[in-house]
Amino acid sequence: MKLDREMEMLLNEIPLLHHGGLLGGGADDDADLSFLIHELAAMGVVDGDDDPPPPPLPPPAADFLGFSIFNYPKKGDNHLVSSHPFSIANYCAHMPSLFDPLPFDASTAGADGWDIRCSPSPPPPSAPPAATPRPSRCKNSRKKNGGAMAAAASPKKCGGATAAAAGKPARGESLAGLRGFMCHVARDQHGCRFLQQRLDDGKREVDAIFAGVSRHAAQLMVDPFGNYLMQKLLAVCDAGQRKQLVLTLTADPFVLVRISLNVHGTRAVQKLIESLRTREEIRLVVDALRPGFLELIKDPNGNHVVQKCLQSFEADDNKAIFDAASVHCLDIGMQCHGCCVLQRCIARSRGEHREKLVAAIACNGFELAQDAYGNYVVQYVIDLKIPNANSSLAQQFEGKYIHLSMQKFSSNVVEKCLKVFKEADKANIILELLAMPHLEQLLQHPYANYVIYSALQNSKGSLHSALTNAIRPHVELLRTSPYCKRIYSRALLKK
């Protein structure tokens, strides 16, 4: 078995050595060939030099390219049968024609469809022919060399190199091939990326892509990939194209609202809002969003669209948003996303819009102060130090400070009142705390103890002394209760 494999390997080397001779091999190739013949003769595979020559074979025919067609031994052909399975004499009788130089017929090659330009041009007469490196006998090396030779002679690669050398084709030609299904390309991950890159090539490409996708803007804005193309298109399109998109998206008021509620569409609508330049475009977008303001403000995606309007437009352009926030301030302020939008509305509003909005929040201050999200809105209003708003809140909280101090969220509002309110309002809060029959309940309460601590920090004079004297009898309780340690740590109580 091992002998058969060695014989097969040696037989396979013979054509390669002949081929090496064709490519420019010399004495080394002849020596290698002689060595292989002796090895095969020792195995009894090939005829020795003393064996009689076989009968001559008929001359080989030629195919349509000019290459010789070899008639290999067939079953029943007695004149091809040798005394051994393989005869080097038979092999040499027909193999030399394979290596005879063949002239290259340009007319024949052109008729076959091959690119004549791919054929290597002959070297100039003055330059000596370049020596082709001898192929290695290593199988991996032959693969590498053969791959390099095939790549060098490939008509496709040569044609591509020729086209690249001649200059890039017009970019508009490839986009013309997408006409009719540009929207489908934009909804593909790689197609969308390709179109985004083409937008950087110039006005011609922008116009071509805009013509293909503008009618499908609503569908692409909510697409996981198409929304990125629309954002890029809004950044590079001209004023006329932008207005056309605005008119398309605002023709049905609920279309823009639905897009804004989408996780992908919200980004595209925010980009649209950033790109608006004229008052007419702003009016169209705001009017289209108006029917869904309340839903947008409370939505995790839509609230970003409303905040982008507040950030990008002037106060007069956002009048519709301020009016909606004033009417629904209680509903909006008690929602996780709405409380952030409500604070942004206060920050961006001016004049009568701000006064109206703050007054509406102050009127609902007691309900908002007890809510997990509304208490932040009330604290924001208190920090503004608007006299009318703080007076309204103080009137609502009067007589209810103990109730508010014992709740988790409203206790934060009472602390804010002790820090920001006027001295008279602070005194009313502290006096109400002191009027409680069992002050120790507030000292040990998990939330009210923070209110007592803030009262100690923000009081002075006789009011502070009265509060300290009311707490001092409970020093032993302060030492043992986990909620009273902060109060006991005050230096005045340790005396």
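Checking the conditions here, which among Leu443, Leu433 is modelled with pLDDT of 90 or more and either in contact with a His (Cβ under 8 Å, 6 or more places away or on another chain) or open to solvent by less than 20 Å² (accessible area, probe 1.4 Å) (or both)? Can you show your working first?
Values: Leu443 fails: modelled with pLDDT of 90 or more.
The conditions single out Leu433.
Tell me, yes or no, whether region 398-408 has at least one residue that is in contact with a helix residue (DSSP H, G or I) (Cβ under 6 Å, 6 or more places away or on another chain), surrounded by fewer than 18 Cβ atoms within 10 Å (Cβ to Cβ), touching a residue at least 12 places away in the same chain (Cβ under 8 Å) and more than 30 Å from Leu261 (Cβ to Cβ). Spell out the reasoning first.
Taking region 398-408 as the starting set, the residues that turn out to be in contact with a helix residue (DSSP H, G or I) (Cβ under 6 Å, 6 or more places away or on another chain) are 401, 404-406.
If we keep only those that are surrounded by fewer than 18 Cβ atoms within 10 Å (Cβ to Cβ) as well, we get 406.
Among the residues that remain, those that are also touching a residue at least 12 places away in the same chain (Cβ under 8 Å) are: 406.
Next cut, more than 30 Å from Leu261 (Cβ to Cβ) only: 406.
Yes: one or more hits.
What number goes with the only condition from (1) open to solvent by 50 Å² or more (accessible area, probe 1.4 Å); (2) in a loop (DSSP other than H, G, I, E, B); (3) at pLDDT 90 or above; (4) not hydroxyl-bearing (Ser, Thr, Tyr) that Pro169 does not pass?
Condition (3) is where Pro169 drops out.
So the check is Cβ under 7 Å with 6+ separation or different chains; which pairs have a first residue in region 225-238 that's free of Cβ contacts under 8 Å to residues at least 60 places away in the same chain and a second one that's part of a helix (DSSP H, G or I) and among the aromatic types (Phe, Trp, Tyr)?
From region 225-238, the pairs are Leu233/Phe210; Cys237/Phe210.
Just name the residue that is farthest from the chain's Cα centre (by Cα) out of those in region 446-461 that are polar (S, T, N, Q) and open to solvent by 10 Å² or more (accessible area, probe 1.4 Å).
Initial filter on region 446-461 (polar (S, T, N, Q)): 449, 454, 457-459.
Right, trim to open to solvent by 10 Å² or more (accessible area, probe 1.4 Å) and you get 457-459.
On the way: Gln457: 51, Asn458: 52, Ser459: 55 Å.
Of everything passing the filter in region 446-461, Ser459 is farthest from the chain's Cα centre (by Cα).
What tally of residues in region 367-380 results from selecting those that are within 17 Å of Val327 (Cα to Cα) and not charged (D, E, K, R)?
Of all residues in region 367-380, those within 17 Å of Val327 (Cα to Cα) come to 367-368, 374, 377-378.
Imposing the further condition that a residue be not charged (D, E, K, R) reduces the set to 368, 374, 377-378.
So the count comes out to 4.
For region 305-348, name all the residues that are within 16 Å of Gln270 (Cβ to Cβ), assigned to a helix (DSSP H, G or I) and open to solvent by less than 10 Å² (accessible area, probe 1.4 Å).
Val305, Val306, Cys309, Leu310, Ile321, Val341 - these are the residues of region 305-348 that are within 16 Å of Gln270 (Cβ to Cβ), assigned to a helix (DSSP H, G or I) and open to solvent by less than 10 Å² (accessible area, probe 1.4 Å).
The values are calculated or read from the model by the stated rules, or taken from the named source; none is laboratory data. Since the structure is predicted, the reported quantities are computational estimates derived from the model, not experimental observations. Please note: Cβ atoms are built from the backbone with ideal geometry, for glycine as well, and neighbour counts cover all protein chains shown. For the accessible areas, the whole protein counts, side chains as well, though only heavy atoms, and no ligand, DNA or RNA atoms are used. Shrake-Rupley method; radii C 1.70, N 1.55, O 1.52, S 1.80 Å.
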